[in-house]
Amino acid sequence: MKMEKEKVVLAYSGGLDTSIIVPWLKENYDFEIIACCVNVGQEDDMLEVKAKALMAGASKIYIEDVTDEFVENYVFDALKANAVYEGKYLMGTAIARPLIAKTLVDVAHKEGAKYIAHGCTGKGNDQVRIETVIASIDPEIKIIAPWRLWDIKSREDAIDYADARNIKLTVSKEKIYSRDQNLLHISHEGGHVEDVKQQPKMEELLMMTKTLKDAKDEPEMVEIDFFKGIPIKLNGKEMSGKEILSALNKIGGEHGVGVIDLLENRMVGMKSRGVYETPGGTILWYAHSELERLVLEKEVQHYKEIISKKYAELIYNGMWYGGLKIAFDAFINETQETVSGKVKVQLYKGNILSAGMESPYAIYNDRLSSFGFSELFDHHDADGFIKLVSLPYKIKAYCLGEEYQKKTFSKKMIK
């Protein structure tokens with residue numbers, strides 16, 4: 001009796017890397033290849049992706065549309081946390097990877113496959129993100145990572161490999177950019193972007209967003225309603241998370257919002273440069289952060305800023321299902337109980353400006369905060385308050401004496 005072949009599930013996009021992995025697997029393993037394209041909102045022709053995978057030699061392909069889940073359970077988790085990596089990056093790629101990996105495991109279980117293959121490079125972050133999630137869900141699954149195994153050394157070599165096997169590609173050696181797209185963002189790496197001495201050629205790169213030169217000449221107002229940290233309405237219309245993000249991508253894209261040029265620190269220890277477009281996400285992150293300023297207590301707001309930075313690092317490093325991230329989720333969700341209300345922003349030539357906000361949980365009152373009279377605050381009360389705040393410094397000056405004062409302040413304050 002003929003033995004049934006082992007199966008491998010390949011994370012498939014139809015791009016350069018995964019296009020050549022199908023024939024490479026056939027040449028190096030006696031496996032049945034099950035392609036799996038996880039749709040997280042990328043603007044690919046899925047019929048074309050399917051035909052390409054089958055033509056390359058996959059026995060079947062799953063097209064799994066998880067866009068709604070991506071937005072509701074992944075993007076919005078990061079939004080509630082205000083997670084930003086290294087002060088600039090909203091991590092569109094990193095946020096999508098745990099869901100992609102989870103979907104690959106689901107397909108592997110459905111097919112009885114013991115192997116999962118991916119096209120992540122040995123220099124990149126995604127190999128860690130995807131394999132960490134797979135290990136978290138099913139540690140028995142074995143990984144095949146061709147970029148860590150084959151003799152292909154560069155994207156130019158990969159193009160040559162494809163040409164030798166008559167595989168059609170959408171990239172060339174002249175425009176050899178590596179791009180990753182989903183509903184939250186699109187990234188651009190490789191090619192001239194790698195030269196930090198050059199300004200990126202935005203006219204050549206940008207796909208979701210207009211350049212500042214081509215952006216609309218008139219400003220536009222946008223109003224977003226939040227409920228417990230989640231956007232639920234756009235310009236007064238109730239919409240799903242997917243619909244809100246899609247609409248804001250178009251609106252923000254017209255105004256050149258959400259484009260960054262980032263030199264980032266990768267997990268593997270090297271720096272890399274990328275251009276990222278995140279128009280809708282940038283608007284949401286800004287509006288959500290502004291609403292938190294209105295409703296969160298000072299200590300909660302300040303401590304959440306510390307958590308947000310670490311939370312972003314955990315997402316970037318692929319630790320979506322790690323215990324610390326899950327514990328942070330509990331804290332973050334508690335902070336979002338009062339993050340409900342409306343935020344208006346004005347968009348113009350890449351800028352986002354606050355244009356008003358309101359919330360039933362606002363802890364700002366203009367009558368209390370104004371410089372005028374308030375029944376809750378007497379200006380004379382500040383006298384004792386300042387004495388107590390400054391007391392430790394006064395004690396230090398008394399105890400250490402005049403010589404210490406001269407030594408401390410002479411060089412710093414007397415020029």
Protein-only accessible surface order, largest first, of 59, 178 at 1.4 Å: 59, 178
- prompt: Among the GluC sites (Glu not before Pro) within the range 285-375, which fall in a DSSP loop and have no more than 13 other Cβ atoms within 10 Å of their own Cβ?
  reply: 297, 375
statement: Calculating mean projected area of the Cα convex hull in nm² from this structure picks out, from [x] 47.0; [y] 28.7; [z] 25.5, entry [y]
- prompt: So how much slack lies between residue 331 and residue 123, counting 0.36 nm per residue of separation and subtracting their Cα-Cα distance, in nm?
  reply: 71.5 nm
field: Prolate/oblate/rounded label for the range 295-364 (Cα gyration tensor, a/c 1.5)
entry: oblate
- prompt: Under the rule of -39500 (n - 2.57) per DSSP H run of 4 or more residues, summed and divided by the residues of the chain, what mean residue ellipticity at 222 nm is obtained, to the nearest 500 deg cm²/dmol?
  reply: -13500 deg cm²/dmol
task: Take the alpha carbon atoms of the range 1-39, find their center, do the same for the range 204-246, and report the distance between the two centers in whole angstrom.
output: 38 Å
- line: About its Cα centre, the chain carries a charge dipole, from +1 on Lys and Arg Cβ atoms and -1 on Asp and Glu Cβ atoms, whose size in debye to the nearest 20 is 1300 debye
message: In whole Hz and in residue order, list the ³J(HN,Hα) couplings for the range 240-246 that follow from phi through the Karplus curve 6.51 cos²θ - 1.76 cosθ + 1.60, θ = phi - 60°; x for Gly and Pro.
response: 6, x, 4, 5, 5, 5, 4
Gain on full stretching of the segment that runs from residue 263 to residue 313 - 0.36 nm per residue minus C-alpha separation: 16.5 nm
- prompt: In Å², what does the accessible area per residue of the chain work out to with a 1.4 Å probe?
  reply: 54 Å²
field: Of all DSSP beta bridges in the chain, antiparallel share, percent nearest 5
entry: 65 percent
- prompt: Is the shape of the range 218-294 rounded, prolate or oblate, going by the alpha carbon gyration tensor and its root eigenvalues a ≥ b ≥ c, with a/c under 1.5 for rounded and a/b larger than b/c for prolate?
  reply: prolate
- prompt: What's the carbon and sulfur percent of the chain's accessible surface, probe 1.4 angstrom, rounded to a whole number?
  reply: 54 percent
- prompt: Mind checking the log10 I(q)/I(0) for the range 94-164 at q = 0.26 Å⁻¹? Debye, one equal scatterer per Cα, no solvent, two decimals.
  reply: -1.12
task: Let me have the relative contact order for the chain, percent, based on Cα pairs under 8 Å that are six or more residues apart.
output: 17 percent
Approximate spin-label separation residue 394-residue 199, in nm, with each point projected 7 Å along Cα-to-Cβ: 5.5 nm
- line: Sorted by chain and then number, the residues having a modelled amide H within less than 5 Å of the amide H of residue 235, at least 5 places away or on another chain, are 223, 224, 225
message: Using protein chains only and a probe of 1.4 angstrom, how many square angstrom of residue 387 are accessible, to the nearest 10?
response: 120 Å²
- prompt: Can you pull the accessible area of residue 383 for me, 1.4 Å probe, Å² to the nearest 10?
  reply: 90 Å²
message: Just to be sure I follow the rule: in the range 32-143, considering lysines 8 or more places apart or on different chains, how many pairs have Cα atoms under 29 Å apart?
response: 28
- request: With an 8 Å cut-off on Cα pairs and a minimum separation of 6 or more residues, tell me the relative contact order of the range 1-95 in percent.
  value: 25 percent
message: Run the paramagnetic zone check for residue 157: 7 angstrom along Cα to Cβ, then residues of the range 4-48 with backbone nitrogen under 11 Å.
response: none
field: Full-extension gain in nm, residue 405 to residue 302, via 0.36 nm per residue minus C-alpha separation
entry: 33.8 nm
- request: Compute the FRET efficiency between residue 135 and residue 363 as 1/(1 + (r/R0)^6), taking r as their Cβ-Cβ distance and R0 = 60 Å, and round to the nearest 0.05.
  value: 0.85
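The values are calculated or read from the model by the stated rules, or taken from the named source; none is laboratory data. Treat the numbers as computed from the prediction; the structure is a model and nothing was measured. Here the Cβ is made from the backbone with ideal geometry for all residues, glycine too, and neighbour counts use every protein chain on show. For accessibility, only protein heavy atoms count, side chains too; no ligands or nucleic acids. Shrake-Rupley method; radii C 1.70, N 1.55, O 1.52, S 1.80 Å.
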